[in-house]
Amino acid sequence: MYIRCNNLLVGYNGAPVTGKLSFEIKEGDYLCVVGMNGAGKSTLMKTLLSLQEPIGGEISLGEGLKRFEIGYLPQQSDHQKDFPATVWEVVLSGTIGMHRGFFYKKDQKDLAMAKLQELGIAHLKGKSYRSLSGGQQQRVLLARALCATQKILLLDEPVTGLDPRAMQQLYRILDELHQKGITVIMITHDLNAISHATHVLHLDARKPFFGTQDAYYQSKQWKLFQEWEQGEASAC
């Protein structure tokens, strides 16, 4: 067990935005976190990362997992997409937790280069981050997150804004990382993402769901989520 949540309540200023959540994330899991807008998906992610305190309940870590060993790929704002740095600088910054000091050491540089090569973007090393396509930027941020972990990745809406080809490429990369032993936790509004998951956490203030992919496909929450997503798509 990597992460166990028991009767967890998340929210702001003492006001919960979810019902009580009890679930476990084990080594080798691929968890999709879904729910309607305002259900508390990003709030849960921030709480798991200790960026904010839970309102109630408990979060415990197992298998020797430490907070700094969790790789995080956040949702990007337009301002962040225009970040004035090279690809190398962005990826290398993911190694900061390895050492303290003003200068990067050889093992940090070797790790950053290995992740660039693993994701097939070493040729972009000297490019400006803001000159890249959306799919390339996501690969760079994923390489940065992988510099921080060999255990667990948290991704917040990673396919938002990507074209269909870039979206499928990212899913393929995540599948490959999962097959290599990386545990994946992904917040998503994309129905197709669930086909890649082993487990699903559906956030709902009244009746949240946690279980296997197969069980979710048989649940009322899945039907509601499909209807909501179809309504969102038709409104665009």
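Look through the stretch 138-155, keep the residues that are under 18 Å from residue 179 (Cα atoms), of a type outside the set (A, V, I, L, M, F, W, C) and touching a strand residue (DSSP E or B) at 6+ places or on another chain (Cβ under 8 Å), and return whichever of them is modelled with the lowest pLDDT. So, considering only residues that are under 18 Å from residue 179 (Cα atoms), of a type outside the set (A, V, I, L, M, F, W, C) and touching a strand residue (DSSP E or B) at 6+ places or on another chain (Cβ under 8 Å), the one modelled with the lowest pLDDT is 149.
Number of residues in the stretch 28-46 that are assigned to a loop (DSSP other than H, G, I, E, B) and either over 23 Å from residue 231 (Cβ atoms) or polar (S, T, N, Q) (or both): the value is 3. If you check residue 152 against the conditions, is it of a type in the set (A, V, I, L, M) and under 22 Å from residue 40 (Cβ atoms)? Spelling it out, residue 152 is indeed of a type in the set (A, V, I, L, M) and under 22 Å from residue 40 (Cβ atoms). Taking every residue in the stretch 85-101 that is closer than 11 Å to residue 148 by Cβ and small (Gly, Ala, Ser) and pairing it with any residue that is at pLDDT 90 or above and not in a helix (DSSP H, G or I), at least 6 positions away or on another chain, the pairs with Cβ-Cβ distances below 6 Å are 94/147. Pairs are defined by a Cβ separation below 8 Å, a sequence spacing of at least 6 or placement on different chains, a first member in the stretch 106-130 that is basic (Lys, Arg), and a second member that is loosely packed, with under 13 Cβ neighbours inside 10 Å and outside any helix (DSSP H, G or I); the pairs so defined are 130/82; 130/84. For the stretch 84-134, the tally of residues that are of a type outside the set (A, V, I, L, M) and in contact with a strand residue (DSSP E or B) (Cβ under 9 Å, 6 or more places away or on another chain) stands at 8. If I filter the stretch 47-71 down to residues being surrounded by fewer than 18 Cβ atoms within 10 Å (Cβ to Cβ), of a type outside the set (Val, Ile, Thr) and not in a loop (DSSP other than H, G, I, E, B), which single residue comes out as modelled with the lowest pLDDT? The qualifying residue modelled with the lowest pLDDT is 68. Counting the residues of the stretch 82-97 that are farther than 14 Å from residue 142 by Cβ and at pLDDT 90 or above gives 6. With respect to the conditions (1) under 22 Å from residue 37 (Cβ atoms); (2) small (Gly, Ala, Ser); (3) surrounded by fewer than 22 Cβ atoms within 10 Å (Cβ to Cβ), residue 181 lacks only one, and its number is (1). Could you please find all residues in the stretch 131-149 being polar (S, T, N, Q) and in contact (Cβ under 8 Å) with a residue 60 or more places away in the chain? Hits for the stretch 131-149 are 137, 138, 149.
Per the conditions (1) surrounded by fewer than 13 Cβ atoms within 10 Å (Cβ to Cβ); (2) within 27 Å of residue 149 (Cβ to Cβ), the sole criterion not satisfied by residue 220 is (2). Is it the case that some residue within the stretch 155-173 is farther than 24 Å from residue 10 by Cβ, in contact with a helix residue (DSSP H, G or I) (Cβ under 7 Å, 6 or more places away or on another chain), surrounded by fewer than 18 Cβ atoms within 10 Å (Cβ to Cβ) and basic (Lys, Arg)? Checked the stretch 155-173: no residue is farther than 24 Å from residue 10 by Cβ, in contact with a helix residue (DSSP H, G or I) (Cβ under 7 Å, 6 or more places away or on another chain), surrounded by fewer than 18 Cβ atoms within 10 Å (Cβ to Cβ) and basic (Lys, Arg).
The values are calculated or read from the model by the stated rules, or taken from the named source; none is laboratory data. Computed from a predicted model, the values in this text were never measured in an experiment. Backbone-built Cβ (ideal geometry, glycine too); neighbour counts: all protein chains shown.
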